[in-house]
1. Quickly run through the range 113-133 and pick out the residues that are under 15 Å from Gln103 (Cβ atoms) and not β-branched (Val, Ile, Thr).
2. Checking Glu122 against (1) within 16 Å of Val44 (Cβ to Cβ); (2) of a type in the set (Asp, Glu); (3) out of contact with any helix residue (DSSP H, G or I) (no Cβ under 7 Å at 6 or more places or on another chain): exactly one of these is not met. Which one?
3. Can you tell which of Arg69, Arg111, Arg91, Arg115 is free of Cβ contacts under 8 Å to residues at least 40 places away in the same chain, basic (Lys, Arg) and crowded, with 16+ Cβ neighbours inside 10 Å?
4. Of the conditions (1) farther than 20 Å from Asn123 by Cα; (2) touching a Cys at 6+ places or on another chain (Cβ under 6 Å); (3) modelled with pLDDT of 95 or more, Cys78 satisfies every one except a single condition; which number is it?
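The values are calculated or read from the model by the stated rules, or taken from the named source; none is laboratory data. Here the structure is a predicted model, which is why all the values come from computation and not from measurement. Every residue, glycine among them, receives a Cβ derived from its backbone with ideal geometry; neighbour counts consider all protein chains shown.
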Amino acid sequence: MTARLARCAVATLCATALSSCGGEEPASKPVKLTGRPDPAAARVAQQYVDGYFDQNAKHVCSALASKVRKQLDEHGGCLKAVEDSFPVVFRENLKVARSYVKQGVASVTFRGSPRVVTLRQENGHWKVVDGGT
């Protein structure tokens, strides 16, 4: 396998693992969230999407749950996998609209986007388990 093909494979895997691959988002109905608002979860979700928009792999990786980072470690490490995904990930300049926690899971929505980022607590800190699509 050529180096370029290997990078494309890792980038595709990374984008899939993070559920942040995209392009044009399909039209969808607004998501109705229930639960209590949580500003801390909103901050982590914003850090995650800002990291992609700014192409800052360190910010993206620091927002990820350990199980997601572990998946990426199997493919050269989180930083490398995220950096390799930048060319194929749709860049959106998103801003948090709402964040809610219900039964230990935080869901964060963004203004003008159907994306919902899902977070869970890990050692008392919110971490991204699904980057949304």
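1. If the condition is that a residue be under 15 Å from Gln103 (Cβ atoms) and not β-branched (Val, Ile, Thr), then Leu119, Arg120, Gln121, Trp126 are the ones that fit.
2. Result: Glu122 fails condition (3) only.
3. Result: Arg69 is the single residue among Arg69, Arg111, Arg91, Arg115 that is free of Cβ contacts under 8 Å to residues at least 40 places away in the same chain, basic (Lys, Arg) and crowded, with 16+ Cβ neighbours inside 10 Å.
4. (1)
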